[in-house]
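A quick write-up on the structure given underneath.
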Amino acid sequence: MQITRIEVFLLKRPLTSPMHISRGGFKVRQHALVKVHTDAGITGLGEGVGNAPLIKTIIDSQLSSEAVGLNPMNVEQLRERFFHAPVYFERKGSVVCAASAIEMACWDIKGKALDVPCYDLLGGLYRKRIPAYASDVYWEENIQYMADNACRIQDLGFNAIKVHVGWESPEKDRARVKAIREAVGPEMRLMVDINAGYNLHEARRAAKLWSPFDIFWLEEPLMPAHVDALADLRQCIDIPIAAGENEFFAEGFHELFRNRAVDVAMPDIGRAGGILETKNICAVAQAAGVPVSPHNFSSGVLLAATAHLMAATPNTMLLEMDTSGNAVYDDLIMEGVCLKDGEFEINDTPGLGVDIPESVLETYAVA
Ligand SMILES: [Mg+2]
């Protein structure tokens, strides 16, 4: 089998409500989805996570021609081709995201060709139902709005929820964390994502001020490159630290583990290097004794890839689900998103079990 061509679809979706994090607000989400075609008539879908228009340009201008002629069943060979060049010249960033998308699509093709779901290719089924958490509550001026939104998510059946604060000082945002904890009660797992909005000093203060509210993890408190500072922070606070959504390759995560900088690793399959690289990251994490909760905040293609990996990988925990109504999930997953009692049930459709219907392209695609 040979790859014959690669299509990249740029999907754009105006948000039903703006999402505000420590780095500012955004009103539109974009997705770079790839469809890899083969001479066997089988196609596969993948997604690159990051700057979607740039990912499309990288694939269209270079990676596509590198991939054409290769056998998508030989994923390691394809990876080596990309690593030799151009990834060699761009060790972190959009080129890796673009390569991740094509690699993901090859697993989809391989699953379809062998008539097995992707989790069968990644170690086999370890669990069919994956505990999930809602990734939804965004920073708002109106604190009551945030608390009400957390309650809405609780009513969906989730027992774990992630909120984004850090737009204001730890002192001011304390009221937000407090209000949400009081709204959802003591049983709900509560994660707080700072999106690297604080420096070490501020993050220390935040951990101290917010510690009465039983935070399950503090996510990305510092800039991704500040590994030493992250390790220092971890040494002096009681709240577990989660990070890694802006880290790349197993080597990047090895650095985090070697410095004892994280309690939970968060690789993004569409960003860190693809499905196999994320499986490798899970192995490195296993050796370091660190659980993995993959970052998953994009379309149904990334959701499917993440779910298949987690279904086959014991040291992963808590599937991230966007419950805001802004996600392009159901439209892409063939049998719909099966979420029950806060758990995601994986289906056994061959490959990743995703598709891009014409109706989705008509609704979201940027010409
Ligand atoms: Mg995050």
Axial C-alpha extent at least 24 Å, average Kyte-Doolittle at least 0.5 - helices from the chain (DSSP): 94-114
Just add up the charged neighbours of Gln144: K/R +1, D/E -1, any other residue whose Cβ is under 13 Å from the Cβ of Gln144. -1
Which order do the peptides 292-298, 43-49 take when ranked by the mean count of other beta-carbon atoms within 10 Å per residue, highest first? 43-49, 292-298
At 1.306 mPa s and 10 °C, Stokes D of region 1-147 from Kirkwood alpha-carbon radius, µm² per second: 93 µm²/s
Quick one: length gained pulling Arg205 to Asp60 fully straight, 0.36 nm per residue minus the C-alpha distance? 47.6 nm
Sorting His308, His254, His37, His31 on the 10 Å Cβ count, fewest up front, what's the list? His254, His37, His31, His308
Restricting to Cα pairs under 8 Å and 6 or more apart, the percent relative contact order of region 264-366 works out to 23 percent
Can you give me the P(r) profile for the chain? Cα pairs, bins 20 angstrom wide beginning at 0, each as a whole percent. 31, 59, 10
Could you order the peptides 57-64, 148-155 from most to least packed, using the average number of other C-beta atoms within 10 Å per residue? 57-64, 148-155
Non-local amide H neighbours of His164 (under 5 Å, H modeled in plane, Pro and chain starts lacking H): which ones? Val137, Tyr138, Trp139, Asp193
If the reach is capped at under 15 angstrom between alpha carbons, list the aspartates and glutamates near Lys178, excluding any in the same chain fewer than eight residues apart. Glu140, Glu141, Asp148, Glu168, Glu187, Asp193, Asp214
Which of Lys12/Lys279; Lys12/Lys208; Lys112/Lys162; Lys56/Lys340; Lys128/Lys208 have a Cα-Cα distance over 32 Å? Lys12/Lys208; Lys112/Lys162; Lys56/Lys340; Lys128/Lys208
Can you compute the FRET efficiency between Glu358 and Asp238 using 1/(1 + (r/R0)^6), with r the Cβ-Cβ distance and R0 = 51 Å? Round to the nearest 0.05. 0.50
Contact order normalised by length for the chain, with contacts defined as Cα pairs under 8 Å and 6 or more residues apart; what percent is it? 20 percent
Can you spot the aspartates and glutamates whose alpha carbon is less than 12 Å from Lys110's alpha carbon? Ignore those fewer than 8 places along the same chain. Asp120
For region 242-263 and region 266-336, what is the separation of their Cα centres, given in Å? 16 Å
Would you work out the charge dipole size for the chain about its Cα centre, treating the Cβ of every Lys and Arg as +1 and the Cβ of every Asp and Glu as -1, and quote it to the nearest 20 debye? 540 debye
Which whole-number percent gives the relative contact order of region 132-192, counting Cα pairs below 8 Å spaced six or more residues apart? 42 percent
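Bear in mind these aren't lab numbers, they're just calculated from the coordinates by the rules spelled out. Just so we're clear, the structure is a prediction, and the values are computed from it rather than from any experiment. Using ideal geometry, Cβ is built from the backbone for each residue, glycine included, and neighbour counts are taken over all protein chains shown.
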